[in-house]
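Here's the structure we're looking at; comments come further down.
Each reported figure results from applying straightforward, stated rules to the coordinates on display, with no laboratory input. Everything quoted here is computed from the prediction, not taken from an experiment. Glycine also receives a Cβ, built like all others from the backbone with ideal geometry; neighbour counts cover every protein chain displayed.
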Amino acid sequence: MKKVTISFLLLCSVLLTGCETASVAYKATTTGYNLSSSGETGVVNDDAIVVNTEKILYVATDTFDLFLELERDNEASLKQISPQIHVYAEKVRAKGKQWIISARTAKDAYKYNRTAKNHANLVTAYKTLNSAIEESKKYIDSAKQNQ
Amino acid sequence: MGNALVALLVKYLPSLVQGAKSVPDILEYLQKTREHLKQTKEWTPEEEAVFDAYLEEKTSQEHWKSRDQKGE
């Protein structure tokens, strides 16, 4: 049981490291969000955040899906390591799909109407989704420290 | 980073196989993630629909359902 739990924790750390790439890539390419001005008042042209959001939509879907399946398959042993892993998994079950849909909705709103308000909403939605991925990794890391 | 991930997987391959999700599925996840991150253009309407269907498929899986809610 302990070997399975260790395997699960190592696996999730390895897997979620891949998700950091999405956030790192976003930060590296969107300092100031690659803004360009069309000259029109209130219009923000930031192609990078649309593409990066679309990337992270798939990454989040796959990450949450695999995390939840692994947590379900190893639920009993993981609760012994840290009950917070299950607590967070339940949070992802309750809100994960909505986080993804919210980011997708905000992305579409900005993609087809590039106002400053829509841009700000998309940035917020992106950060919320990205934080959820990062928090998954944090809970896994904290559980490893408590072994 | 990719080589480091592969090295980790190879090193812990025997223990990963025991009782957890199968290694081929995990490798498939890593491959898909790398492919997603290669995207350079915005989705077309067709690609938007593909993602919507993909999201519905994934979130309909049993492991997305909570067993902690009352009545379940």
Assuming 0.36 nm per residue, please report the length gained on full extension of the stretch A:ALA48 to A:LYS117 beyond their Cα-Cα distance. 23.2 nm
Fewest-first ranking of B:LYS38, A:LYS127, using other Cβ atoms within 10 Å as the exposure measure: B:LYS38, A:LYS127
PRE zone check, label point 7 Å out along Cα-to-Cβ of B:ASP68, amide N under 14 Å, scope the stretch A:86-111, hits A:86-96
Put in order of increasing Cβ neighbours within 10 Å, starting from the fewest, B:ARG34, A:ARG114 give B:ARG34, A:ARG114
Under 11 Å by backbone N from the virtual spin label 7 Å along Cα-to-Cβ at A:GLU135, the residues of the stretch A:76-92 are A:88-92
Using the structure shown, list the pairs from A:LYS111/B:LYS38; A:LYS79/A:LYS107; A:LYS79/B:LYS38; A:LYS55/A:LYS79 with a Cα-Cα distance above 28 Å, or answer none. A:LYS79/A:LYS107; A:LYS79/B:LYS38; A:LYS55/A:LYS79
